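See below for the structure under consideration.
No value in this document is a laboratory result; all are computed from the given coordinates. From a predicted model like this one, the values you see are computed outputs, not experimental measurements. Glycine also receives a Cβ, built like all others from the backbone with ideal geometry; neighbour counts cover every protein chain displayed.
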Amino acid sequence: MKIAYVVHDYHRSGGHSRYVAELATRFAREHEVHVFANRIDHDGSAPIQFHQVPAWRANALTTVLSFILPVTFQIPRGFDIIHSQGFCGLRGNVFTAHICNRAWHRGLQKLEGGASFRETIFNAVGTTLEYGLYRFASHCEVIAISKRVARDIVEYYHCRAPIHVIHHGVDLELFSPANRQRSRSEARAQHGFADGEMVFLYVGDLRKGASWAIQALATLAQGRLLLVSRSRTEAYQRLAQELGVSDRVVFAGPTNQVEKAYAAADAFVLPTPYDAFAMVVSEAMACALPVIVSREAGASELIEHGVNGLLLADASVPELARQMESLERDRPWAARLGCAARKSVESLTWDTVAHQTMGVYRELLGT
């Protein structure tokens, strides 16, 4: 089989770039695999043929618009499968919906500070492109990374193509209880956490509930909060100071070793008002951390409340605080939730994702 992947960036740091890298590496063992991308970071471990596509990277909108036409004309004929990540290109017979931008924009209205002017402009253009892609797609297959995304592209874009829900995979060796224990002492010492001190971890865009996590922490008599993000932190630092918990909140910048952040923590929180999936949730679960997650995150589909994690009904500060306190108060129960979380994601490997994706390819080709 001759397969082409279309993606803005090729690397293993996360998101749809990681998704393409995992699939391309596996399929290159038995098939001819090409990747068309603007930025390419590969280690040469797999026989993948790379093609650089020009793009103007001034901002997200210029990247999208300047990438679409060149990659559409650059891909030659003869591919059995052209697998595009959303509206990366106009040609394709398999499209993975990593997000529904119209639903994301609705979610932004609930986020701290709402949507910025730039995000509003991107929404106007991006949702128009997505609507055209999913509404009029024919003779193709769509992969959604969660049931939530599948529902969203039907509701907002009236997608008529067949939709297959395939959750993102997780590296079960990198994100594991054993790896967490090996790094735990060093990771906690790095942030000044004392032995026995309950540490809650938040990873990602701080607008997705970091202020609620800080406010919830302020209602607890003890415990620490570790925030790992590339977001600006000034407003959140002020909030922590106003609530008198600045000494209990640690702001860490972005990292390419997020597994060490999981090692430092005792529980994971993500009270987001929207997330298409949130790979950080499945990574935390793989590390055997008990998780507290909003039902608005796609990864909440992996969680049975009170069995392998905790789900927030409305993501309010009082509800989040109650859940955090319950984990801090009953550490053995928290540990059992973490163990159950690990077991529940052990089938969620990238090999499984590749197997299911190949099934979509073969269904499309009628083989």
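Distance between the pseudo-spin-label points of A58 and S138 (7 Å out from Cα toward the beta carbon): 3.6 nm. 3J(HN,Hα) along the stretch 25-35: 4, 6, 6, 5, 5, 10, 10, 8, 10, 10, 10 Hz, from the Karplus curve 6.51 cos²θ - 1.76 cosθ + 1.60 with θ = phi - 60°, whole Hz, x for Gly and Pro. Restricting the calculation to Cα atoms, the stretch 202-334 shows an Rg/Rh of 0.92 when the hydrodynamic-style radius is the Kirkwood one. Across the stretch 87-221, how large is the tail of the calculated P(r) beyond 27 Å, expressed as a percent of all Cα pairs? Here the tail beyond 27 Å accounts for 44 percent of pairs. Candidate cross-link partners of K343 among the lysines, defined by an alpha-carbon separation under 22 Å and a same-chain spacing of 8 or more, comprise K147, K260. Average 1/r across all pairs of distinct alpha carbons in the chain, invert it, and you get the Kirkwood radius: 21.4 Å. Binning the C-alpha pair distances of the stretch 140-213 at 10 Å intervals from 0 yields a P(r) profile of 14, 25, 29, 19, 12, 2 %, listed from the shortest bin outward.
Convex hull volume of the C-alpha atoms in the stretch 1-150, normalised per residue: 118 Å³. For the stretch 216-289, place one equal point scatterer on every Cα, skip the solvent, and apply the Debye formula. What is log10 of I(q)/I(0) at q = 0.13, 0.16, 0.23, 0.25 Å⁻¹? These q points yield log10 I(q)/I(0) values of -0.43, -0.66, -1.27, -1.37. Spatial offset of the stretch 79-138 relative to the stretch 312-367 amounts to 25 Å, using the alpha carbon center of each. Residues in the stretch 238-249 carry Karplus couplings, in order, of 5, 4, 4, 5, 4, 8, x, 10, 4, 7, 10, 10 Hz; the curve used is 6.51 cos²θ - 1.76 cosθ + 1.60 with θ = phi - 60°, and Gly or Pro positions show x. Taking a Cβ cut-off of under 12 Å around F268, the surrounding Lys, Arg, Asp and Glu residues balance to a net charge of -1, with basic ones at +1 and acidic ones at -1.
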